[in-house]
1. Across region 95-112, which residue is surrounded by the fewest Cβ atoms within 10 Å (Cβ to Cβ) among those that are closer than 10 Å to H127 by Cβ and out of contact with any Asp or Glu (no Cβ under 7 Å at 6 or more places or on another chain)?
2. Please go through (1) over 16 Å from the mean Cα position of the chain (by Cα); (2) under 30 Å from K159 (Cβ atoms) for L64 and return the number of the only condition it doesn't satisfy.
3. Would you confirm, using the coordinates I've provided, whether S12 is closer than 26 Å to T117 by Cα and in contact with a Gly (Cβ under 9 Å, 6 or more places away or on another chain)?
4. If L134 passes every condition in (1) buried (at least 19 other Cβ atoms within 10 Å of the Cβ); (2) touching a His at 6+ places or on another chain (Cβ under 7 Å) but one, which one does it miss?
5. Can you tell me which residue in region 137-173 is surrounded by the most Cβ atoms within 10 Å (Cβ to Cβ), limited to those that are small (G, A, S) and in contact (Cβ under 8 Å) with a residue 24 or more places away in the chain?
6. In the set P56, P83, P34, which member is of a type outside the set (S, T, Y) and closer than 27 Å to H154 by Cβ?
7. Of all the residues that make up region 9-32, how many are among the small types (G, A, S) and in contact with a strand residue (DSSP E or B) (Cβ under 7 Å, 6 or more places away or on another chain)?
8. State which residue pairs qualify: first residue over 15 Å from D107 (Cα atoms) and inside region 22-49, second residue outside any loop (DSSP other than H, G, I, E, B) and among the charged types (D, E, K, R) in any location, beta carbons under 6 Å apart, and separation of 6 or more residues or different chains.
Amino acid sequence: MVDYVFISHGHSDHAGGLKHFVKINDKAKIIVSPDALKGKFYSKRQGLHSITTEWPEIPSERLLTIEHSESVGDDILILAHIPHIHPMPEGNQHLFVEKADGSYVNDDFRHELALYTDGLLFTGCAHNGLENILAACPFPVNTVVGGFHLLDNHESEDKLSELACRLAEACPRTQFYTSHCTGDAVFAVLHRVMGDKIHAFSCGINIKDNVS
């Protein structure tokens, strides 16, 4: 049974399947930022093109719009409007929001949410930066799961090594699992520094079986 659907941000590759989901499930509540629902998002990688989600009709009683960090139910914390204390991923330079006058500005990712429950922090794509999301979480994090938006050929090896060192030092007991939007070359650099603290995951993996 699905109780909630968590939409991390407004890009179509993360929410495009929602229109199909709501046709087969008429009960699960949809967690999303209002900025994701109303935003018009674009990428300039390989030419300017829209990556805005085509949102289906969602009954108001099923829609949980999160403007500020708050708890959902008894054991889920949604993090919103994450402060940018640490560096943002270099890959964000290709991503834009369309303003009302038709101009484009760099996306500040105020529409991105993160989710915490029972020691697990889900980052979505971590457009806001993995360190910023960790800093915004007020509870101990045992496991981090999600994309890190560290694209191959964008971050320098030195910066990646420094990031890996900071993560290993700041989160000595945390296990990191990443896949989507973390490049293979990036993962190799992170793994050289972090060792068995970082893992690549794919569909079907049981993370609990891999956490000591």
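Nothing in this text is a laboratory measurement; each read-out follows from the coordinates by a stated rule. Predicted model only: the values in this text are computed from it and were never measured. Positions of Cβ are backbone-derived with ideal geometry, glycine not excepted, and every protein chain shown enters the neighbour counts.
1. Once the filter is applied, the top-ranked residue is D108.
2. With (1) over 16 Å from the mean Cα position of the chain (by Cα); (2) under 30 Å from K159 (Cβ atoms) applied to L64, the lone miss is (2).
3. Here the answer is no, as S12 does not meet what is asked.
4. Here L134 clears every test but (2).
5. G146
6. P83
7. Summing the residues that are among the small types (G, A, S) and in contact with a strand residue (DSSP E or B) (Cβ under 7 Å, 6 or more places away or on another chain) in region 9-32 gives 3.
8. Cβ pairs passing all conditions: K29/R62; I30/R62.
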